[in-house]
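Data block below; observations after.
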Amino acid sequence: MNQTSLTAVPSFDQLVSNPGLVATLPPETAQTFLIGIASIHPVLLQRALMGPGTQPAGPPERFLTVAQVVAQYGVSEQWLYRHKRQLPHSQPSRKVLLFSEDKLRKWFANKKTG
């Protein structure tokens with residue numbers, strides 16, 4: 001049994017309260033946290049910029065990871081990175097690339113009909 005399986009992973013609340021705990025995370029867990037945070041970042045930012053009592057116009061935008069886009073649309077990771085400038089995407093950090101699910105669906109639909 002390795003050391004990481006014996007160590008409990010801190011919760012998000014614990015990490016926010018004590019950022020030093022991030023140093024104890026296994027790299028794979030840190031990546032999982034980072035991707036999760038990056039996927040909700042645009043929605044959190046939009047909500048934070050709304051005035052008090054303001055309700056969102058519709059459901060929050062959903063973002064897909066590179067792996068999800070590859071699985072859903074049958075393209076390769078290399079193709080995504082080569083074409084990211086033409087695709088609707090968000091890149092909250094150098095290591096995280098996210099795609100708006102609705103905008104990407106529309107982009108692929110337009111390419112099939114165009």
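No lab work stands behind these numbers, since they all come straight from the coordinates. Only a predicted model underlies this, so the values are computations on that prediction, with no experimental measurement involved.
Straight-distance candidates among the lysines for linking to residue 112, with alpha-carbon spacing under 27 Å and chain neighbours fewer than 8 residues away dropped: 84, 103.
In summary, the aspartates and glutamates within cross-link reach of residue 111, defined as a Cα separation below 17 angstrom excluding same-chain residues under 8 places away, comprise 101, 102.
Can you give the convex hull volume of the alpha carbon atoms of the chain per residue, in Å³? Show your work: numbers first, answer last.
Numbers: hull volume 18.2 nm³, N = 114.
Here the figure is 159 Å³ per residue.
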